[in-house]
Each structure stands twice: as C-alpha cells, then as structure tokens.
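Colleague: The structure follows.
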Amino acid sequence: MAGTIIFLILLIIAIFALAINRAALWGWMLLVAGATLYVKVGLPSGTFHVPSTGFWPMMGWIPTIILALLCIGPIRQKFIIRPAFDFMKKILPPVSSTEQEALEAGTVGWDAELFSGDPNWSKLRSIAPISLTDRERDFLEGPTEQLCERLNDWEIRHTLHDIPKDIWQFVRDEGFLGMLISEKHGGLGFSPQAQSLILGKISSRSADAVTIVMVPNSLGPGELIEKYGTPEQKEYYLPRLAQGQEVPCFGLTGPTSGSDAAAMRDIGVVCHQNFEGKDTLGIRLNWDKRYISLGPDATLLGLTFRLSDPDGLLGRGEDLGITLALVPTDFDGVKIGRRHLPCGAAFPNGPNWGRDVFLPMDYVIGGQERVGQGWRMLMSCLSAGRSISLPASSAAGIKSMLRNTTAYAQIRKQFGISISRMEGIEEPLARMVEQAYVVEAGRAVTASMVAGGEKPAVISALLKYQSTERMRQCVNDAMDIHGGRAICDGPTNYIQGAYQMVPVGITVEGANILTRTLISFTQGALRSHPWLFREIQAIQDTDRNRGMRAFEEAFVGHISYSLSNIFGAFYHNLTGGLFAKTPIDASYTAQWYGQLARASKNFALVADITVATLGGGLKVRQKLTGRLADALSELYLLSCVLKRFEDDGEQLADVPIMEFAAQNCLYRFQQAMLGVVNNFPISPVGWVLRPLVFPLGARWRPASDRQGKEIVKLALEPGDLRDRLTRDIYISRNENDATGLLEVTLSKVLENKEADRKIERAVRKGLIQRYPGRDWFQEAVDKGFVTAHEAQELSEVEDLVDRVIAVDHFDRAELQPHYRVDKTTAKAAAAE
C-alpha cells in the first residue's frame, strides 16, 4: 500500500513537471509507457506488483500506442490537426480589416510576457530607467518652467476662455510645437520620455494650456509626415510645423464614427479636376468632423476618410480603404466651425467640414503609394502617442493633487487639530499616495518602451484608461478634502481646472468605457497571446496547405501552453507562489515578483480558456472582457511599480509605499478574476476554473489601515520622499501664486509647530480666549505661554493660513457674460 502511494505521488509530480515545463508529445508518451510498464510488471520483489491478468494486459498499452502514433506527423495531421483546423475556423473570432491593421500596427512586449504565464524578468528589467539628455533636461528646467510661470489658469479658463496670444507666441518661439519633429527638419527631436515629462509639467500648471503643446506632438500631421510623408512633404511642412507657422489638427471623429471607424461616412473620390490652371489627378472630398482639438485655430488639417476610385484611375479597384491627407484650411470648400465647449474648458476644440474640396494626389500623406494605408498608419502612431500624452497629464495631475492636498491638509485645522491627522482624511490621502507612485511608474516605464522603439498597442490602451480613471479618483479625493475651498471657483482655486478637464481625458483617444471593454483585452488576447494570433493568421491563409503547416506548429504550442497554465496555476496557488521564479538579485521586491508570476499564470489560464470557449462571442461579453482588462492592467502596473522601486535605487523609505501599492494591485487583480470566474457565461467552465485559480479561496487582501497611515505620514513630511512622489511637476515658491502660497505656508506651519501646540493647549484649558477682535498672541506672551518672537511668527503664520483657506468672491457684474449673441445670427450659424 505504501509503495502504491509513493508511486502515485511520483506520477503526479512527473505529470506536473511535464505540463509546467511544456514537454513535447514524446515526453508524455514516455511517461505513460513507463507508468504502464511499472504498473504491469512491477519490481522483481513484487512490492508494487499488479496481477498480470484482467484489464491491464489487454488495454493498458492503448494510451501509449495512441501517443506514439500521434508522434508521427502524417497521422497527427490527419486525426488531430485537420479536424482542429476546421473547428477553430468556426469558433475563433473573425478579424475585420481595420482590426487586422490595428493588430499588425503595434508591437508586443511586456504584455506578451504577462499573457505567457511565465514572464521573463530580464525583459522587464532591461527597459531603460528615466533618462534625459542634458539638452532635454535643460529644456524641462528652462523654457518649460518659464512657460509654467507665465500661465494664468484663471485668465485662460474664465477671463479669456482661450489661450492668450503671448502664450501661443512663446511656445512657437521656444520650439514646443516641434518636440517630436527631428532636428534635421527643424524640430527639437526630443525622446518620448522627454516629451512625456514636458507635457506633464505643463499640465500640472494648466490642463487647458498643455493641449496646444500636446496636440501637435501627438497623433497628427507632424508625426504622420515625419514617419510616412514624402520627401517633399517633409521638406515643406515639418519646418513650418516645428516653428509654429502651421497650426495642425487632426480630423478623425465624426457624427457617425467615434470608436467605430468602419462606420466612417467621410468620402473621397479619385478624379481629374482643374487645379491652378492644370488638369490634375486628385481627390474630391466631402466630410463632417467634430470634437477636433485645435480645430478652430488650425491652418493644416490632417484628414481621415474612405477613398473610392469608381473610374479605376489608380488601377487598384474601387474601394481603396481609409486614407490620410493634408488639407490646408484655406482651400475652397473647407469650413471651420465654431467652438465646442467641452466641460467648460478653454482649449480650442470644434467641428469642421468640407464640401467638394479638391486635393491633388500629392496631398495624400506619403503620396499615392500610401493610398488605403491610413488606418495602419494611424494605429501605428496611436500605439506610441497614446502611451505619452494622457498618461503624462494624468500622472502629473495626480502628483499635483497629492502635493497640494497634503500641504492643505496639514495647514487646515478642524476641532483644534490638523485635518491630516483625521482617519477620514487619511484614507483618501493614502489612495492619492498610492496612485501618485503607481501611475508615475506606469508612465515612466511605458515612455521608455516607446523611446526604445516599441509601439505598445495593448499597453497604451490599458494605461490610457487606467491613468485617466485614477486621475479622476484623485481629483475627486482632492475635492473632498478641500471641501468648500475647492468648489468655490476663482483665481486662487488650483483644483477646478483639473476637475473640469477630467471627463475630457476620460473620453478622448478612445472613450474609457470602450477602451476597457472592447480594446484592451480583446486586442491583447489576439496580439499578445503567444499562439492565438498565429493560429488566426494560419486559418486565414488563402493557401490551405501553408496555413495547415503554420497552424500545426501554433496548435501544438497552444496545447502545451494550456497544459502548463492549468497545472502551473494550480501548483502555484496551492503553494502560495512560494516556488515561482523571481530575479536572483531581488531583495525587497522578491516576494512581489513571486506573487506577480503566480498571478500571471492565473491570468494566462483564464484568458486562454475564455478565448477558447467563447470564440467569436467574446466581443459581446463586454463585462467579462472589461474585468479581464482590469486584471491585465493590475499585472502591468505592478510590474511597473517593482521596476520603479529598483530604478529609484531601492530607497528604504519607499518600501512601505511600494508594498502598499503591490498589495493593492494583487487584491484588485484577484477581485477582477473573481468577477470573471463567478460570472462565466458557461457555468461548467466557471466551476472548473474556480478550484484551479482559487483552490484555497481568495487569499489576497488589500493593504491595511495601518499601512495606509504609515504611507500618509511619510508623504506629509517634507523631504526627499515627498519630492520623489511629486517629481517633475511645476512647483511655485511665490506666495502670490495659489500653489506657491501653499508651499510657503506649509513651511512656516511646520517651523512653528511647537509654538502652535502651546497656544492650542492654553486655548483648550480656557487660559487664552481666541476670537475675532482679540489679540490672543499678545495674551499668550503676557501669560508666558510663548515668547514674543514665537508670537510674531505665529501671527505671520495665521495671516498665511487665512489666505490659504480663503475662497474667492465676486461682484455680480464680474460674473456676467462678456458678450451677447444675436439669436437669429446664432441659429443661422448653427444651421450652416
């Protein structure tokens, strides 16, 4: 009996070892053959002997024979590969032409490692840390700092409701509009990391003003011409764009086509027409676009449209696909509409349309040879651009909210104590500390990926929706902590501008609600899965024999991958990730690398089973795909947190924050996976997944209240840690500036903390009377509670605190509109 138990234990260990290590088919055949022989013959002593009569002599070798036959290529292909090929063709989700172009446009990197279930830590750690050239650092600390000093947020979003002309001129003169344009074409040629930090610093000062720098350096004419333009287009347009002689915008979204590009009704028709006195081959365009940032001020419009060639003038069929062109806004037929008012924000945004606008063929970006390649070009640029702009502004916004709110919380008193000491305030502050660390980690790592040549389509999508959602939470937390100080708008309100702009970030570059449910996981499953995209490509191959050969390799690899996930997830979940692979030299991060590896294995298992069982129905299971996108996001952000901690030099003071963030990432990952398993549309599959993913139940817990208290205490204390948490944002020291006043007042409050405590104790004991019209500081001096110098300092502090907590107020006339619109004129303009 004991021998049998030992044999079974060894057999189970062998099965787990083969599965986890993705053994070849012949390895399984040898295991089954060895086990069969062992059971049939036993050892000479007979300790493990099984009777040789009965079932085993007749049937025991059948599994071995079957596996041996399947090791023979032609047999395997006939009985396994071909039936699987036909079956998979039916169940795998169809990929549209726009999806195919989107998938092929981006690159895969660390996301593929997470999908693999067996991440290679060296790939994560090889991503470069934050690194700027001297020239880039000088620009960040010079012209960028100067621009921030010039910006008056209240003037921009209230008084002018526009970007002042002197600000436009400054960004032109200093080259802000050409950061991504190469030096040889007149631009600054800055790295994506530098662009990200520059945009972040500006956005920490004014969420409106950063838009005029962000748009020219994101998806638009400059980037598209730099990457795909003809030599003539580069020579003419890039210097003009870099110097601000042209103001670009990009027209993609229309009334019927937001996230659904296939529904685009903007059309161009290839034709001959007279242009500047010559018969010219070109395109006659009709379009209707809206929500176009910088549109009202643009001189050069990048336009997306479907191109048709009904007369076959280009000889490539009638429907040529999505195409991109450059449209000077002064061309006949181009109409620049009035301005939108997105959430009351002041940055230029509005509609435009065109009626029978003729463009010569050389206005197509990249020339005639790039006709029909527009969507691929867009997705390639978007994969990189979406990694930079909104994560940069979100990270900087969170850091700014944290710095200003921790200062305010220490300055503001209620019930005789600083509100930062109240647990009700401590809880949202802990969230803000965590997100400042996490989102900056994600921003920095992703920008470095792009700087290294990657175009991370999946990562850029998930980072966009995660960073903007976390920004929303932090702005709301800042509003709650500031209370009435935040809701009363005016020149000294440093939160309202961000509060107004949060929904804009949530909506642009792919609305979060769709980015989360339709893009992040569904594209990730196709593109980042180690085998699925190869299987789809093989199935869609028009050459069946070639497709079959490619499919066999991918299918066999997929089976090994699935078995590894099933057994690996169960094993690591039973052992708590104790034996998961971690970097050899990891110290404080070792346990978190182990838990990340375990979580990655769970994710790979559930993602693989989800795609395999739901197939083409995956797109309509958006609650499920949204939760899987959340799970993948937490894995990615935890990876970035660990890398940030190491890149920052493994600062001992940062350990509590790193661990707080890591613990919460794993908890949120677990909750997302629970949501998938508990709501799996095929109940038996959910029943199977639960014991594999949660054999001992849901074991991860969120970070504790005690941990939250610890990290808030660290963030409240001025010094290196607080500066690291809020690095690379604009910090004013001018007490005539609202945020500068916070910095000055906080410093004075902390310097005089002990003297203030003496006063507070005396007031609570009734020894000093504190109310308007009475000089309680002098009374405290007279009664010996404080010195005359301390009283003078406290009086100055009192004046500063009064200014910090004061709210703006206005005469009625100041709040009246500065203009009147004739209703007849307005209706006529709207109708046009």
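The values are calculated or read from the model by the stated rules, or taken from the named source; none is laboratory data. Fair warning: this is a prediction, and the values are worked out from it, not measured in the lab. Neighbour counts are summed over all protein chains in view; Cβ atoms, including those assigned to glycine, are modelled from backbone coordinates with ideal geometry. These area figures cover heavy atoms from the full protein model, side chains too; ligands, DNA and RNA do not enter into them. Shrake-Rupley method; radii C 1.70, N 1.55, O 1.52, S 1.80 Å.
Colleague: Among 264-274, 623-633, 763-773, how do they line up by average Cβ neighbours within 10 Å per residue, starting with the highest?
Modeller: Taking the mean over residues of other Cβ atoms within 10 Å, the ranking is 623-633, 264-274, 763-773.
Colleague: Turning to a different aspect of this structure: Applying a 10 Å radius around every beta-carbon, put 296-305, 381-390 in order of their mean neighbour count, most first.
Modeller: So the peptides 296-305, 381-390, ranked by packing, come out 381-390, 296-305.
Colleague: Per residue, how much accessible area does the chain have with a 1.4 Å probe, in Å²?
Modeller: Heavy-atom accessible area per residue stands at 44 Å².
Colleague: Mind putting a number on the dipole of region 224-356 about its Cα centre? Charges go on the C-beta only, +1 for Lys and Arg and -1 for Asp and Glu, and I need it in Debye to the nearest 20.
Modeller: The calculated dipole for region 224-356 is roughly 460 debye.
Colleague: State to the nearest 20 debye the size of the charge dipole of region 560-664 about its Cα centre, where the only charges are +1 on K and R beta carbons and -1 on D and E beta carbons.
Modeller: My answer is approximately 700 debye.
Colleague: Another question, if that's okay. Hey, if you put +1 on the Cβ of every Lys and Arg and -1 on every Asp and Glu Cβ in the chain, which of SER460, SER182, VAL786 ends up farthest toward the positive end of that dipole?
Modeller: SER460
Colleague: Go ahead and run the numbers for FRET between ASN736 and GLN816, Cβ-Cβ distance against an R0 of 35 Å, rounding to 0.05.
Modeller: 0.85
Colleague: Can you sort ARG137, ARG338 by solvent-accessible area, 1.4 Å probe, largest first?
Modeller: Sorted by accessible area, descending: ARG338, ARG137.
Colleague: A further question on this structure: In nm, what is the difference between 0.36 nm times the number of residues separating HIS809 and TYR771 and their Cα-Cα distance?
Modeller: So the chain would gain 11.3 nm between HIS809 and TYR771.
Colleague: While we're looking at this one, here's another question. Evaluate the charge dipole of the chain about its Cα centre and quote only its size in Debye, nearest 20, assuming +1 on the Cβ of each Lys and Arg and -1 on the Cβ of each Asp and Glu.
Modeller: 3200
Colleague: Same structure, new question: Would you tell me the accessible area of SER131, worked out with a 1.4 angstrom probe on the heavy atoms of the protein chains, in Å² to the nearest 10?
Modeller: About 80 Å², rounded to the nearest 10.
Colleague: Students sometimes get this wrong: rank VAL807, VAL247, VAL39 by accessible area, probe 1.4 Å, all chains present, largest first.
Modeller: The residues order as VAL807, VAL39, VAL247, largest area first.
Colleague: Which one, SER387, LEU70, ASN679, is farthest towards the positive end of the dipole of the chain when Lys and Arg carry +1 and Asp and Glu -1 on their Cβ?
Modeller: Of SER387, LEU70, ASN679, it is LEU70.
Colleague: Would you calculate, for the chain, the mean residue ellipticity at 222 nm contributed by helices, counting each DSSP H stretch of 4 or more residues as -39,500 (n - 2.57) and dividing by all residues, to the nearest 500?
Modeller: Here the helix-only value at 222 nm equals -17500 deg cm²/dmol.
Colleague: In the full protein assembly as shown, how much of VAL620 is accessible to a 1.4 Å probe, in Å² to the nearest 10?
Modeller: 110
Colleague: Follow-up question, since we're still on this one. Select from ILE417, SER560, PHE331 the residue farthest towards the positive end of the dipole of the chain; place +1 on Cβ of Lys and Arg, -1 on Cβ of Asp and Glu, and compute about the Cα centre.
Modeller: Of the options given, the answer is SER560.
Colleague: Heavy atoms only, probe 1.4 angstrom, no DNA, RNA or ligands counted: give me PHE79, PHE16 ranked by accessible area, highest first.
Modeller: Per-residue accessible area, sorted high to low, gives PHE79, PHE16.
Colleague: Show me 412-419, 687-694 ranked by packing, highest mean number of other Cβ atoms within 10 Å first.
Modeller: 687-694, 412-419
Colleague: Give me the distance in nm between label points sitting 7 Å out from Cα along the Cα-to-Cβ direction at SER126 and ARG265, one decimal.
Modeller: Here the modelled spin labels are 5.0 nm apart.
Colleague: Describe numerically, in nm with one decimal, the distance between label points set 7 Å from Cα along Cα→Cβ at ASP362 and at PHE579.
Modeller: A separation of 6.9 nm, rounded to one decimal place.
Colleague: Once you have the Cα-Cα distance between ALA653 and ALA24, take 0.36 nm times their residue separation minus that, and quote the gain in nm to one decimal.
Modeller: 221.7 nm
Colleague: OK, next. Could you compute how much accessible surface TYR291 exposes when probed at 1.4 Å, giving the result in Å² to the nearest 10?
Modeller: My reading of the accessible area for TYR291 is about 130 Å².
Colleague: Let me ask you something else. What FRET efficiency comes out for the pair TYR236/LYS709, r = Cβ-Cβ distance, R0 = 56 Å, nearest 0.05?
Modeller: Here the calculated transfer efficiency is 0.40.
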